[in-house]
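Participant: Sharing a structure, written as structure tokens. Questions coming.
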Amino acid sequence: MKSIVILISGGGSNMSAIVRAAQAQRWEARWGARVSAVISNKADAGGLVFAREHGIATAVVDHRAFSEQPQPREAFDAALMTKIDRHQPSLVVLAGFMRILTPGFVAHYEGRLINIHPSLLPAFPGLHTHQRALDAGCRFAGATVHRVTAELDHGPILAQAVVPVLPHDTADTLAARVLTQEHRIYPEAVAALLQT
């Protein structure tokens, strides 16, 4: 069985899109793959409710609990790895997981760790991508699924979707249109990896 572990920090709309695609496209029957767990760094993440309602194991590793550690990021990542590794993941999918991961974490899941970013990478890595695209006068924005490397938002690109920037767009209206494309390309990219 190919195990998929999804990491979230909030509502988990991309996670939900992947779970729905896995069910609708019968990933378990076709490729022996299923979403085994959804893990969050926030106990109140709305996506945990969706996961539980769909019979998926959930866990929380609160990053704030490690703030007093000598190396808080490393301690958090070690605890997170312990939770993830219980599910022997073939893929670890970052779906709105708002933590910068340590090089040790990235190395541990090398070749199995993917992310989605709301820009056409390599343009606008990091935060505030939609406002930055508007400020730069971009005529197109979009989303990118990529492999995760130690360098933030710079791994090999697996899929992209292009979204036109409309004359009266705000960061919010652009973000909403980009998100609909994220919900399309992320499940497609995961499904493609499961077939390799």
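Participant: Scanning for something closer than 30 Å to His108 by Cα and among the hydroxyl-bearing types (Ser, Thr, Tyr), does the stretch 148-159 turn up at least one residue?
Facilitator: Going residue by residue through the stretch 148-159, those that are closer than 30 Å to His108 by Cα are 148-159.
Filter again for among the hydroxyl-bearing types (Ser, Thr, Tyr), leaving 149.
Yes: one or more hits.
Participant: Among Ala192, Ala133, Ala150, Ala161, which is over 15 Å from the mean Cα position of the chain (by Cα), part of a helix (DSSP H, G or I) and either among the hydroxyl-bearing types (Ser, Thr, Tyr) or under 22 Å from Ile6 (Cα atoms) (or both)?
Facilitator: Matching residue, one of Ala192, Ala133, Ala150, Ala161: Ala192.
Participant: Do we find that Ile18 is within 18 Å of Asn115 (Cα to Cα) and either of a type in the set (Phe, Trp, Tyr) or in contact with a Phe, Trp or Tyr (Cβ under 7 Å, 6 or more places away or on another chain) (or both) in this structure?
Facilitator: Details: within 18 Å of Asn115 (Cα to Cα): yes; either of a type in the set (Phe, Trp, Tyr) or in contact with a Phe, Trp or Tyr (Cβ under 7 Å, 6 or more places away or on another chain) (or both): yes.
The answer is yes for Ile18.
This table checks each residue for (1) touching a Phe, Trp or Tyr at 6+ places or on another chain (Cβ under 9 Å); (2) at pLDDT 95 or above; (3) closer than 23 Å to Leu101 by Cβ; (4) among the charged types (D, E, K, R).
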residue	(1), (2), (3), (4)
Asp135	no, yes, no, yes
His146	no, yes, yes, no
Pro156	no, yes, yes, no
Ala161	no, yes, no, no
Val165	yes, yes, no, no
Asp172	no, yes, no, yes
Leu179	no, yes, yes, no
Ile185	no, yes, yes, no
Ala189	no, yes, yes, no
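Participant: Next question, about the same structure. Please go through the stretch 41-68 and give me each residue that is under 21 Å from Arg86 (Cα atoms) and of a type in the set (Lys, Arg), ordered by number.
Facilitator: Across the stretch 41-68, the qualifying residues are Lys42, Arg52.
The values are calculated or read from the model by the stated rules, or taken from the named source; none is laboratory data. Keep in mind it's a predicted model, so treat the numbers as computed, not measured. Neighbour counts are summed over all protein chains in view; Cβ atoms, including those assigned to glycine, are modelled from backbone coordinates with ideal geometry.
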